[in-house]
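The values are calculated or read from the model by the stated rules, or taken from the named source; none is laboratory data. Predicted model, so just to flag it, every value in this text is computed and none were measured. Methodologically, a virtual Cβ is constructed for each residue, glycine included, from the backbone with ideal geometry; neighbour enumeration extends over all protein chains shown. Remember, those area values only see protein heavy atoms, side chains included, never the ligands or the DNA or RNA. Shrake-Rupley method; radii C 1.70, N 1.55, O 1.52, S 1.80 Å.
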Amino acid sequence: MDGLVVGIDLCDEYTQVNCPEKEEAWTIPTVICRNRNADEWYVGEEAYAHTLKGDGIIVDKLVNLALRDGTATLGDVRYEGKELLRLFLEQVVCFPKTEYKEKQIRQVVFAVKKMEPKLNALLRECAVKMGVGEKRIQVVSHSEAYIYYILNQKREIWNNTVGMFDLSEAGLRYYEMKVQRGMKKTTVVAEYEELEEGFNLDILDTASGGRLADKILCSCAERLMARKSYSAVFLTGKGFLKWDWAAEFMKLLCSKRRVYMEQGLFAKGAACKAVECLQEEDAFPFTCICEGRLRTTVSMNVLHRGQENPVTVACAGDTWYGRVSVIDVIPDHQDRIDFIMTPLDSKKKKTVSIPLEGFPKRLDRTMKVQIQVVFLDEKTMEVTLTDRGFGELFPATNIQIRQEVML
């Protein structure tokens, strides 16, 4: 099947595009501009140029505008935020399409800074309108894109803890990834921390500002990385396009560690994920635990043909957004529904019970309960229990119990 495989890192400040096995990558400011005199659109630096020229009207922060259902008036026309985001993305994918003379996108993966169900739905809607098949679209967090990028490097890079500093106009983040080898499947855990010490990149324009930024990063590194063994540390983001201002920070990092500068890392990780999505079999033998994925396995013990068996509602490593599980059960000598929560640390395994309070009192095995489970985020499960009755003898009352459960 022909078509491009594309990874897109989408942020309000910039958008980066990468095609796997291609040397070319693009970094485009996330702005769009409409020509005042014609129905022509420009993005990135070209949008800035036309705005300065005076023949264009520019809109920025397109992700935020779309998420809050905002609008912008360009000329005499009011546009919805999600429409401007789609128009921007259509222009963005023209860069690789033109470069590689491809008309179609075979697989696209978006990497976003914070995983939100609404953003996931928006990007899928945009991509479908751009002609991408619904099953050919994925949205992942920066943490997951980070995992995919790192695990596509040589094993010596990730055989121990891997750290990463992301210094951008939006702030400073520190990521950490660990590989946990188990009996069944290797688990990869990636976490991040928004650092309050973040600073405006404009201070790097002066020598005194650079020295201050160097001190800030040294302080962060000493606090976050003390007494840990690293196989590699990565630096990414606009702040590290130059690093002559960070002499002490680099000296600290390079002490007995591999240090890599890698711009466009999240777009490259998204492209690696896009390649994996096209594999017929699971070519990625890891369970990912990160933002956008569950950290806990949820199960129930049910009696089937005289034997008690566990039924998995959701597994650690599953994506939580858009996931709905529905199970019908018939309680037997039981006035509650029990869920077993098994986190990565199995010693913290626990059982959460939801009483069937308010349900009609019936004889044992004469009530069917429908259990619906959705996830509000990777730490919160919403359970809805519904009385479905039991045949003609006991009509359904459809009484419901809804409860949020912390995983």
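Overview of values
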{"item": "Euclidean distance between Cα centres, the range 212-254 to the range 172-207, Å", "result": "12 Å"}
{"item": "Apportionment of accessible area to carbon and sulfur, the range 260-401, percent (1.4 Å)", "result": "48 percent"}
{"item": "With all protein chains modelled, accessible area of THR73 [1.4 Å, Å²]", "result": "80 Å²"}
{"item": "Long-range amide H partners of ARG323 with built H, under 5 Å", "result": "PHE375"}
{"item": "Test item: Cα-centred dipole of the chain, Lys/Arg +1 and Asp/Glu -1 on Cβ, debye", "result": "1260 debye"}
{"item": "Probe 1.4 Å, protein heavy atoms only - accessible area per residue of the chain in square angstrom", "result": "52 Å²"}
{"item": "Normalised contact order of the range 279-407, rounded percent, pairs of Cα under 8 Å and 6 or more residues apart", "result": "21 percent"}
{"item": "Tilt relative to the chain, helix 81-100 - C-alpha long axis, 0 to 90 degrees, to 10", "result": "60 degrees"}
{"item": "Using alpha-carbon coordinates, inclination of helix 207-225 to the longest axis of the chain, degrees", "result": "30 degrees"}
{"item": "Cα Rg, Dmax (largest Cα-Cα span) when computed across the range 270-326, Å", "result": "15.0, 48"}
{"item": "GluC sites (Glu not before Pro) within the range 265-335: DSSP coil, no more than 16 neighbouring Cβ in 10 Å", "result": "GLU280, GLU281"}
{"item": "Solvent-accessible area, 1.4 Å probe, carbon plus sulfur percent, for the range 68-223", "result": "45 percent"}
{"item": "Point-charge dipole on Cβ atoms (K/R +1, D/E -1) for the range 237-341, about Cα centre, debye to 20", "result": "840 debye"}
{"item": "Largest to smallest principal axis extent of the C-alpha atoms in the range 109-155, angstrom", "result": "39, 21, 12"}
{"item": "Approximate shape of the chain as ellipsoid semi-axes (Cα gyration tensor, √5λ), whole Å, largest first", "result": "43, 29, 20"}
{"item": "Cα-centre dipole for the range 53-193 with unit charges at Cβ (Lys and Arg positive, Asp and Glu negative), debye to 20", "result": "700 debye"}
{"item": "In Hz, Karplus ³J(HN,Hα) per residue of the range 43-49 (6.51, -1.76, 1.60; θ = phi - 60°; x = Gly, Pro)", "result": "10, x, 4, 5, 5, 4, 4"}
{"item": "In the range 223-253, the trypsin sites (Lys or Arg not before Pro) that fall in loop regions by DSSP, at most 14 other Cβ within 10 Å", "result": "ARG227, LYS228, LYS242"}
{"item": "Values of log10 I(q)/I(0), in the order q = 0.11, 0.20 Å⁻¹, for the range 40-196 under a Debye, Cα-only, solvent-free model", "result": "-0.60, -1.33"}
{"item": "Distribution of pairwise C-alpha distances over the range 4-70, 10 Å bins, in %", "result": "21, 40, 32, 8, 0"}
{"item": "Percent of Cα pairs exceeding the 21 Å cut-off, where the set is the range 80-169", "result": "45 percent"}
{"item": "Largest-first ordering by accessible area, 1.4 Å probe, given options CYS290, CYS315", "result": "CYS315, CYS290"}
{"item": "Cα-only Debye scattering, the range 208-327: base-10 log of I(q)/I(0) at q = 0.19 Å⁻¹", "result": "-1.12"}
{"item": "In the range 83-193, lysine pairs closer than 22 Å at Cα, eight or more apart or cross-chain", "result": "12"}
{"item": "Normalised convex hull volume, the range 238-294, alpha-carbon set, Å³ per residue", "result": "141 Å³"}
{"item": "Stokes-Einstein translational diffusion, the range 155-249 - Kirkwood Rh over all Cα pairs, 0.890 mPa s, 25 °C, in µm²/s", "result": "171 µm²/s"}
{"item": "Shape category assigned to the range 38-117 from the gyration tensor of Cα positions, a/c cut at 1.5", "result": "oblate"}
{"item": "Semi-axes of the equivalent ellipsoid for the range 185-234, Cα gyration tensor, largest first, Å", "result": "28, 13, 10"}
